[in-house]
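Novice: This is the structure, below, for whatever I ask next.
A short reminder: the numbers here are calculations on the coordinates, not readings from a lab. These numbers come from a predicted model, not from an experiment. Cβ placement follows ideal geometry from the backbone for every residue including glycine, while neighbour counts extend to all protein chains displayed.
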């Protein structure tokens, strides 16, 4: 039975876990919500890299993982190259904003991108956008969303302060006839209902969770993995977390660990 480590700064990576659990079998999955250091999107690159290295080391030392999923756009942008260089024996899958499918399917040629400040300013995102600019001419409405992760983690999305922030970020996209929005942080799908309500249109919201699951399964099958049987999950947090929210989302308990 293969062992998979998955991590994010908090609850967002659970959207990836949900997609993984739908198609990957015969594995043990270990998830770490690094809530002690959340949100990553507002930390320095040096801090994010160290968090990523510490968590990966924990997975290898304590669970002998065969594969690692960096279920965080920000951590992927900062740390994926270093992790692959340091652990060449590991299957490592990162998270990339779903800009390509958004560009391919937009009908108005206007695409919104919601992401953390660190993701938008990161080299990985900038290179991706430059590479995809040749597909077709599309105007991107990029919006950093500082504080949104905290509102999601704290369950305060429907508070007045949260709604004011979201409306300020989304109204320019609404007025510009944006028809597709990239959710460039694994937390943001948890805000989908409110985003659609504010946009008040048939806007398409795209995230990367299903693509990550499919990519990991492909890599596992290439190693001879037999994708039959059960997937067993264990969830950990490094700090405070809304346990009821987690239990409702993944139907499992979560344990505290110190890294």
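Novice: Could you work out [θ]222 nm for the chain from helices alone, using -39500 (n - 2.57) per DSSP H run of at least four and dividing by all its residues? Round to the nearest 500 deg cm²/dmol.
Specialist: On the way: 11 runs with 118 residues, N = 259.
Counting only the DSSP helices, I get -13500 deg cm²/dmol.
Novice: For a distance above 14 Å, tell me the whole-number percent of Cα pairs in region 190-246 that qualify. Intermediate values should be presented prior to the final figure.
Specialist: Details: 1198 of 1596 pairs.
Of all Cα-Cα distances in region 190-246, 75 percent exceed 14 Å.
Novice: Rounded, prolate or oblate: which fits region 107-153 when a ≥ b ≥ c are the square roots of the eigenvalues of the alpha-carbon gyration tensor, with rounded for a/c under 1.5 and prolate only if a/b beats b/c? Walk me through the numbers before you get to the answer.
Specialist: Details: a/c = 3.72, a/b = 1.66, b/c = 2.25.
Judged from the Cα gyration tensor, region 107-153 comes out oblate (a/c at least 1.5, b/c at or above a/b).
Novice: Could I ask something else about it? What does the highest-first list of 22-29, 217-224 look like by mean Cβ count within 10 Å? If you can, show how the numbers build up before the last one.
Specialist: On the way: 22-29: 17.1, 217-224: 12.4.
By packing density, highest mean first, the sequence is 22-29, 217-224.
Novice: Where the centre of each part is set by its Cα atoms, how far does region 119-140 sit from region 1-40, in angstrom?
Specialist: If you average the Cα positions of each part, the centres end up 27 Å apart.
Novice: Turning to a different aspect of this structure: Expressed as an acute angle from 0 to 90° and rounded to the nearest 10, what is the orientation of the C-alpha long axis of helix 14-23 relative to the principal long axis of the chain?
Specialist: 70
Novice: Still on this model: Mark the label point 7 Å from the Cα of residue 150 along Cα→Cβ and return the residues of region 85-117 whose backbone N is within less than 14 Å of it.
Specialist: Under cut-off, by backbone N: 117.
Novice: Here's something else I'd like to know. Could you order the peptides 188-194, 35-41, 86-92 from most to least packed, using the average number of other C-beta atoms within 10 Å per residue?
Specialist: Values: 188-194: 19.1, 35-41: 22.9, 86-92: 14.7.
Per-residue mean Cβ counts within 10 Å order the peptides as 35-41, 188-194, 86-92.
Novice: Also, quick follow-up: For the chain, modelled as a Gaussian network with Cα springs under 10 Å, which listed residue fluctuates most, 66, 207, 123?
Specialist: 123
Novice: While we're looking at this one, here's another question. Say we join alpha carbon atoms closer than 10 Å with springs in a Gaussian network model of the chain; which of 75, 200, 109 then has the biggest fluctuation?
Specialist: 200
Novice: To the nearest 10 degrees, how steeply does helix 73-86 sit against the main Cα axis of the chain, on a 0 to 90 scale?
Specialist: Here the helix axis deviates by roughly 40 degrees.
Novice: Specify the angular offset, from 0 to 90 degrees and rounded to the nearest 10, of the alpha carbon long axis of helix 160-175 from the longest principal axis of the alpha carbons in the chain.
Specialist: The helix 160-175 is inclined about 60 degrees to the chain.
Novice: I want to check the label-to-label distance for residue 64 and residue 161. Put each point 7 Å from Cα in the C-beta direction and report it in nm to one decimal.
Specialist: For the pair residue 64/residue 161, the computed spacing is 4.7 nm.
Novice: Related question: Under the classification rounded if a/c is under 1.5, otherwise prolate if a/b is larger than b/c and oblate if not, where does region 99-206 fall, given a ≥ b ≥ c as square roots of the Cα gyration tensor eigenvalues? Kindly include the intermediate steps, with their values, before the conclusion.
Specialist: Values: a/c = 2.21, a/b = 1.41, b/c = 1.57.
Oblate, since a/c reaches 1.5 and b/c is not below a/b.
Novice: Give the order of 15, 76 when sorted by the count of other beta carbons within 10 angstrom, beginning with the fewest.
Specialist: Numbers: 15 25, 76 28.
With the sparsest Cβ surroundings first, the list reads 15, 76.
Novice: Let me ask you something else. Bin all alpha-carbon pair distances of the chain at 10 Å intervals from 0 and give each bin's fraction as a whole percent.
Specialist: 7, 32, 36, 20, 5, 0
Novice: Continuing with this model, one more query. For the chain, with a Gaussian network of springs between Cα atoms less than 10 Å apart, report the residue from 69, 204, 99 with the top mean-square fluctuation.
Specialist: Sorting by GNM fluctuation, first place goes to 204.
Novice: Rounded to the nearest angstrom and ordered from largest down, what semi-axes does the equivalent ellipsoid of region 1-116 get from its C-alpha gyration tensor (root of 5λ)? Don't skip to the answer; put the middle values down first.
Specialist: On the way: eigenvalues 125, 66, 34 Å².
Over the Cα atoms of region 1-116, the semi-axes work out to 25, 18, 13 Å.
Novice: Another question, if that's okay. Hey, how many Å between the Cα centroid of region 170-248 and the Cα centroid of region 76-104?
Specialist: With region 170-248 and region 76-104 each reduced to a Cα centre, they are spaced 16 Å.
Novice: Between residue 257 and residue 202, take the C-beta separation as r, use R0 = 30 Å, and let me know the FRET efficiency to the nearest 0.05. Present the calculation step by step, with values, prior to reporting the outcome.
Specialist: Details: r = 43 Å, r/R0 = 1.42.
Efficiency for this residue pair is about 0.10.
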